Amino acid sequence: MQLLIKAPSILVCTECVDFRKSIEGLLGVIAFNLNIEPRENIFIFFNRARNKVKLLAWHKNGFVLLLKRLEKGTFFHITDDAPVAGVTPQQLSWLLAGLDWVRMTQWGELEYRDYH
């Protein structure tokens, strides 16, 4: 099964949330703390231990909640004063793979002319 979710932006919540919250609880965090329209974005939440991540997104006629737990290690998490930070689909892929997506973003792409 494949699930295709599209949204204009992917937002990482920089503050950890209580992972006992499900869809309604996370929608409350979005509404009260972030004041952002939940149907127009994909939201990423971390637990305090940073070994789990939840993605909340609108899919056609309802919300979808996905959970990923790392068996070893932790997710790399940005610390920022802003309540949310935008990420690209590539950064989301790196994040879900458990890679240091923040550091990987800073590398940039090399071109042939860089070697002259």
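The values are calculated or read from the model by the stated rules, or taken from the named source; none is laboratory data. Model, not experiment: these values are computed from the prediction. Cβ coordinates were reconstructed from backbone atoms using ideal geometry, including for glycine residues, and neighbour counts include every protein chain displayed.
Taking V53, is it among the β-branched types (V, I, T), over 14 Å from V84 (Cα atoms) and surrounded by 17 or more Cβ atoms within 10 Å (Cβ to Cβ)? Yes; evaluated as a whole, the condition is true for this residue. Residues that are in contact with a Leu (Cβ under 6 Å, 6 or more places away or on another chain), in a helix (DSSP H, G or I) and under 17 Å from K21 (Cα atoms) do not occur anywhere in segment 43-57. Taken over segment 58-91, residues that are surrounded by fewer than 17 Cβ atoms within 10 Å (Cβ to Cβ) and either in contact with a His (Cβ under 9 Å, 6 or more places away or on another chain) or not in a loop (DSSP other than H, G, I, E, B) (or both) amount to 13. Can you find even one residue in segment 30-48 that is more than 17 Å from L96 (Cβ to Cβ), surrounded by fewer than 16 Cβ atoms within 10 Å (Cβ to Cβ) and in contact with a strand residue (DSSP E or B) (Cβ under 6 Å, 6 or more places away or on another chain)? Yes, segment 30-48 contains at least one residue that is more than 17 Å from L96 (Cβ to Cβ), surrounded by fewer than 16 Cβ atoms within 10 Å (Cβ to Cβ) and in contact with a strand residue (DSSP E or B) (Cβ under 6 Å, 6 or more places away or on another chain).
The residue of segment 1-29 that is modelled with the lowest pLDDT, among those that are surrounded by fewer than 13 Cβ atoms within 10 Å (Cβ to Cβ) and under 15 Å from the mean Cα position of the chain (by Cα), is K6.
Among all positions in segment 104-113, there is at least one residue which is surrounded by 11 or more Cβ atoms within 10 Å (Cβ to Cβ), modelled with pLDDT under 85 and over 11 Å from the mean Cα position of the chain (by Cα).
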